[in-house]
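Below is one structure, written out as structure tokens, with a few remarks after it.
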Amino acid sequence: MEPTAAQLAELARQLAGTAPNEIDCEAVLDCVAAYFEATQSGITPSADLAMVGQHLEVCPSCLEEFQALVRASAGE
Amino acid sequence: MMHTHAITRTNAQWLDGLQRPEPISDAVADLRDFLKRGLARTFADRRDVDDSDLDDFAQDAVLRVLNRIDSFRGDSRFTTWALAVGIRVAMTAMRKRRWGDRSLDDLCIPQDASSDAMRAAPDPVVVTARQDALTALRASIDNDLTPKQRAVVLGELAGMPTAQLAEQLHTNANALYKLHHDARLRLRAGLQQRGFCESDVRDIVYGSSND
Ligand SMILES: [Zn+2]
């Protein structure tokens, strides 16, 4: 399994966003709604919620789901 | 009518309707309708998702919401939280469907790294310098990670869904995330030990603003 240059660049992007302490995808699921509502209303997320933003930097799956939440909520 | 229904309930009304010893069927039906409409918007541009898929996703999503309703923290609208849960359910199912039953061993990643880098930097000296950063990251993947960490990193890069990756490595999603996090910390240190940083690698592929 030899990653391509583009895949390594994606990995490098994730390395740059890596923090010593991160929350995992399960924890994100419980607070992503509050994070989404805070960002939608222009409120700076609390330190607690800011960890969701950090997670989205390093987790393509949760980022995909967050973007889906943005789309799903758009027509509500 | 149903449409206004679903979004005009307060959080307390949702919780009351869904949490009694037996959830009220109206509340469950409204939640299912609400989730289906949200998921329809999510997958509006996807031709591989039809109405019966949406029904299945919405049904599974309702069950998941009812299962984890105790972890709703009350810091958002209930419907936003439920939609996030529904999206996790649907996306997980879609990823599984797309990925099929390929295993980690089946991953065949094309080895076109050098040609990509050449395209980004025609100057041979620059190419060599840039190749060194890519080589450093590859070397770090090969030498600084445990076999499990390497499998997680490479599987994730290849687009293997978390659930399938966890299954193949006989672990769970949380442990998988921890493996990936530890691997990233090691790779970052590995790059630094070799005299590079993350942006050196990204610049190879996407070019830097200084070029
Ligand atoms: Zn995640």
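The values are calculated or read from the model by the stated rules, or taken from the named source; none is laboratory data. The model shown is predicted, which means the values in this text are computed figures rather than measured ones. All Cβ positions, even for glycine, are placed from backbone atoms using ideal geometry, and neighbour counts span all protein chains on display. Calculation scope for accessible area: heavy atoms of the full protein, side chains included, ligands and nucleic acids excluded. Shrake-Rupley method; radii C 1.70, N 1.55, O 1.52, S 1.80 Å.
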- Net charge (Lys, Arg +1; Asp, Glu -1) of residues whose beta-carbon lies under 9 Å from that of residue A:55, residue A:55 excluded, is -3
- Note on the structure: FRET efficiency for residue B:20 and residue B:60 from the Cβ-Cβ distance with R0 = 22 Å, rounded to 0.05, comes out at 0.50
- Computed magnitude of the charge dipole of the range A:5-73 (debye, nearest 20; Cβ of K, R +1, Cβ of D, E -1): 260
- Query: So between residue B:103 and residue B:40, what do we pick up on full extension, going 0.36 nm a residue minus the alpha carbon distance?
  - Reply: 19.6 nm
- Note on the structure: With a 1.4 Å probe and ligands and nucleic acids left out, the total accessible area lost when A pairs with B, in Å² to the nearest 100, equals 4800
- Message: How tilted is helix A:5-17 with respect to the longest principal axis of chain A? Cα atoms for both, answer in degrees (0 to 90, nearest 10).
- Response: 50
- Query: Over the protein assembly as shown, what percent of the accessible surface lies on carbon and sulfur atoms, probe 1.4 Å?
  - Reply: 51
- Query: Which of the trypsin sites (Lys or Arg not before Pro) found in the range B:160-193 are in a DSSP loop and have at most 15 neighbouring Cβ atoms, other than their own, within 10 Å?
  - Reply: none
- Message: Can you give the local net charge around residue B:90? Use residues other than it whose beta-carbon is closer than 14 angstrom to its beta-carbon, Lys and Arg +1, Asp and Glu -1.
- Response: +3
- Query: Separation of the range A:1-70 and the range B:145-166 by C-alpha centroid, Å?
  - Reply: 18
- Task: Please determine, in degrees from 0 to 90 and to the nearest 10, the orientation of helix A:47-58 with respect to the longest principal axis defined by the Cα atoms of chain A, where the helix direction is its Cα long axis.
- Result: 40
- Item | Surrounding net charge for residue A:17, when Lys and Arg each add one and Asp and Glu each subtract one, Cβ distance under 10 Å | -1
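Within a 10 angstrom radius of each residue's Cβ in B:151-161, how many Cβ atoms of other chains show up on average? Whole number is fine.
3
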- Work out the charge dipole of the protein assembly as shown with +1 on the Cβ of Lys and Arg and -1 on the Cβ of Asp and Glu about the Cα centre, then indicate which of A:3, A:31, B:90 is farthest towards its positive end. A:31
- Note on the structure: In Å², rounded to a whole number, the accessible area per residue of chain A with probe 1.4 Å is 39
- Which FRET efficiency value, to the nearest 0.05, is calculated for residue A:44 and residue B:12 with the Förster distance at 30 angstrom and r the Cβ-Cβ distance? 0.65
- Using alpha carbon centers only, the range B:176-190 is separated from the range B:35-112 by a whole-angstrom value of 27
- Note on the structure: If the label point sits 7 Å along Cα→Cβ of residue B:175, residues of the range B:130-153 with amide N under 20 Å come out as B:145-153
- Message: A drop of at least 20 square angstrom in accessible area, chain alone versus all protein chains together, probe 1.4 Å. Which residues of the range B:16-41 meet that?
- Response: B:41
